[in-house]
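The structure's right below; bear with me while I get my questions together.
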Amino acid sequence: MNCSSRLLCLLYLATSAGLAWITVLEIRYGPAWAACLFAAASLVPVIAVVRETVIGEQDQQLRELTARAGRGGEAAEAIVRAELDAACCERWWTSLGSEHDLTCRHRSPHRSSAA
């Protein structure tokens, strides 16, 4: 995560803390609907912090892949290879995500709705 991302996360957390404080004030002195609204709004910046963290991790992984693969087309090939390795089984690809191979680690037993 770079400096601007850290600053943005700090701003998000400060905003969330401010909205949480307003939630407390609304619980004590205001209408209940406003307290619920501010409570929900205080969660949005926390979600933004999580998103910034995930983006930072993905950026770091991309830099590592690019450095490992070298320059030019090799970097793109390394990225595609990593994505395909992380993907599921062949049947999942051909069935648009509805079925898995018997040896697939993501396979879950299907339940029949027949009576």
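The values are calculated or read from the model by the stated rules, or taken from the named source; none is laboratory data. Treat the numbers as computed from the prediction; the structure is a model and nothing was measured. Note that each Cβ is placed from the backbone with ideal geometry, even for glycine, and that neighbours are counted across all protein chains shown. Areas reflect the complete protein model, heavy atoms only, side chains present, ligands, DNA and RNA absent. Shrake-Rupley method; radii C 1.70, N 1.55, O 1.52, S 1.80 Å.
Does the stretch 18-43 hold any residues that are aliphatic (A, V, I, L, M) and free of Cβ contacts under 8 Å to residues at least 24 places away in the same chain, and which are they? Steps first, answer last, please.
Going through the stretch 18-43, the residues aliphatic (A, V, I, L, M) turn out to be 19-20, 22, 24-25, 27, 32, 34-35, 37, 39-41, 43.
Within the stretch 18-43, Ala20, Ile22, Val24, Leu25, Ile27, Ala32, Ala34, Ala35, Leu37, Ala39, Ala40, Ala41 qualify.
Starting from the stretch 1-14, take each residue that is over 16 Å from Glu57 (Cα atoms) and list its partners that are among the β-branched types (Val, Ile, Thr), counting only C-beta distances under 7 angstrom and pairs at least six apart or across chains.
Going by the 7 Å Cβ cut-off, the qualifying pairs are Tyr12/Val49; Leu13/Val49.
Which condition number does Arg51 fail, the rest of (1) within 30 Å of Arg81 (Cα to Cα); (2) open to solvent by 60 Å² or more (accessible area, probe 1.4 Å); (3) modelled with pLDDT under 90 being met?
It is condition (3) that Arg51 fails.
Suppose we filter the stretch 77-96 for residues that are at pLDDT 70 or above, open to solvent by less than 60 Å² (accessible area, probe 1.4 Å) and assigned to a loop (DSSP other than H, G, I, E, B); how many remain?
Going through the stretch 77-96 one residue at a time, the tally reaches 3.
Only one of (1) part of a helix (DSSP H, G or I); (2) under 26 Å from Thr53 (Cα atoms) is not met by Met1, so which one is it?
(1)
Spot the failing condition for Ala67; the list is (1) within 23 Å of the chain's Cα centre (by Cα); (2) open to solvent by 60 Å² or more (accessible area, probe 1.4 Å), and only one is missed.
(1)
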